[in-house]
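Working notes for the structure below.
What follows is calculated from the coordinates using simple rules that are stated; it is not laboratory data. Keep in mind that this is a model prediction, so the values were computed, not measured. In this analysis, Cβ positions are derived from the backbone assuming ideal geometry, glycine residues included, and neighbour counts consider all displayed protein chains.
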Amino acid sequence: MSNPYQNAVKQLTNVREYLEMDDGEFERLTTHDKVIDREIEIDLDSGKKKKFKMYRAQHNSALGPYKGGIRFHPQVNVDEVKALSMWMSWKCAIAGIPFGGGKGGIEVDPKRMSKGELESLSRAYARTLAEDIGSWKDVPAPDVNTNGQIMAWMLSEYEQVVGHKEPGVFTGKPIELGGSKGREQATGLGGFYVLEKLVKKMKLRKNEVRIAVQGIGNVGYWFAYFADQAGYRVVAISDSQGGVYLEEGLNPKLTLECKQKNGKVGECFCSEGKCGVKGGKEITNEELLELPVDILVPAALENVISEENASRIKAKYVIEMANGPVTPEADEILLKRGVMLVPDVLANAGGVSTSYFEWVQNNMGYYWGEDEVLTKLKTLMDNAFEEVWKIYSNKLKVKSKKEKSMRMAAYVHGVGRVLQAMRLRGES
């Protein structure tokens, strides 16, 4: 399986020549400020004790405090959090927000734990990290299999350790504890704003654009929902067990309700067509990726488009809503085939951007309404897209047109901002 950290370093290597980066600067950007790799132990409901591997990678703080999610997943490992924290550094820089990159997690299957065990695990994680996080040091947030409740437990534990209230240390919290309105739909909505800009730049007619979304989690669902509401044709959606395909277009909202009722998207075949997939076809996740659509949106896990299947991708455009869904090898294949790809560091920056808004509100003790939050998000995402597009269309000097990509432009923009901050600080 492709190593995500090696992928992240390879991507940085590819952009190096465009930034006139010397060996020391390159080494600095591939080396993390700190990587925390420890074990924590909790009491299970059975009375037994169990140890879990936990991680937190802090990549670069030249632009501000480290920022990044915490995931609970059986496959969490040190290379994954190192890669994700690097991508967060570039993502924050591209979005124009004052954060560096961080990421963390616990190697655990939360579906096999009780609510009490999850609370104990969350508190143990926060307690262990207390000295290494803080509103102006490192600001975690939810990620895969974590949510507002888990952030609430972690905030509570952290504040008990430090002895004072500090709501800005975690984002993605419940509204009652200082969470921001608009946070739930922010990542998917930010991706939708990117979709709108892309369609306008490429002069496409939205009512003719067919979209397939792999993943009906929070990010994929809200992307599909807003796309459907705006008049795009969402023809396929999947979950971890498979998906549905309907050429005429399906209803994301009703499809999600059907999944919640039946347990999986593949069961969403209602005779009355209530879930928008009457006459639809059950498909696998692999088949969804290879559908003859205009825009493919991988919104699940890493490395789903690889060297093995990249030549079979039929979409003209790919919008990466997951983190690292396309391997570097697949990137090259798609580029040679003329597929335009909007990279994750731009496309899914809506989540961290709204986390930034939450952090700002926490630190000033003044809160905005949802309309104000989402208006600010649109402005930020539109500006980020335009900055990357400007580099892509005008300033990106490459050896041949085949090497010119949105990912390269985004990295030139994001890595360049981090590098410039390091140079101004004298830290390069």
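Which residue, Thr379, Thr327, Thr31, tops the fluctuation ranking in a GNM of the chain built on C-alpha contacts under 10 Å? Largest GNM mean-square fluctuation: Thr379. Close amide H contacts of Val318 (hydrogens built in the peptide plane, cut-off under 5 Å, sequence separation of 5 or more or a different chain): Leu296, Met340, Leu341, Val342. Taking the Cα centre of the chain as the origin, how large is its charge dipole in debye, to the nearest 20, when only Lys and Arg (+1) and Asp and Glu (-1) carry charge on their Cβ atoms? Dipole about the Cα centre, nearest 20: 920 debye.
For the residues Gly148, Gly47, Gly68, a GNM of the chain with alpha-carbon springs under 10 Å puts the largest fluctuation on Gly47. The H on the amide N of Gly68, modeled in the peptide plane, is under 5 Å from the matching H of Gly102, Val139, Ala141, each at least 5 residues off or on a different chain. Based on every Cα atom in the chain, Rg and the maximum pairwise Cα distance Dmax equal 21.0, 66 Å.
DSSP beta bridges confined to the chain are antiparallel in about 50 percent of cases.
Residues whose amide H falls under 5 Å from that of Ala57, counting only those 5 or more places apart or on a different chain, are Ile36, Lys103, Gly104, with hydrogens built in the peptide plane.
Residue-wise HN-Hα couplings along the range 52-67, as the Karplus relation 6.51 cos²θ - 1.76 cosθ + 1.60 with θ = phi - 60° gives them from phi, are 10, 7, 10, 9, 8, 10, 10, 7, 7, 10, 4, 8, x, x, 5, 9 Hz; Gly and Pro carry x.
Comparing Leu29, Leu204, Leu341 in a Gaussian network model of the chain where C-alpha atoms under 10 Å apart are linked, the largest mean-square fluctuation is found at Leu204. Using R0 = 30 Å, the C-beta based FRET efficiency linking Asp382 and Lys316 works out to 0.85. Of all beta bridges that DSSP places with both ends in the range 4-177, some 60 percent have antiparallel geometry.
Listed values for the range 163-172 are Karplus-derived 3J(HN,Hα) couplings in whole Hz (6.51 cos²θ - 1.76 cosθ + 1.60, θ = phi - 60°), namely x, 7, 6, 7, x, x, 6, 10, 10, x, and x replaces Gly and Pro.
Here the extension length gained between Ser114 and Met364 equals 86.4 nm, from 0.36 nm per residue of separation less the Cα-Cα distance. With the simple model of a label 7 Å out from the Cα in the direction of the Cβ, Met202 to Ser46 spans 5.1 nm. For the chain, the residue among Asn362, Ala315, Asn207 whose Cα projects farthest onto the positive side of the dipole built from Cβ charges is Asn207. Beta-bridge orientation, the range 171-275: approximately 45 percent antiparallel, per DSSP, counting only bridges with both partners inside.
Calculated mean residue ellipticity, 222 nm, the chain: -13500 deg cm²/dmol, from DSSP H runs (n ≥ 4) at -39500 (n - 2.57) each, averaged per residue and rounded to 500.
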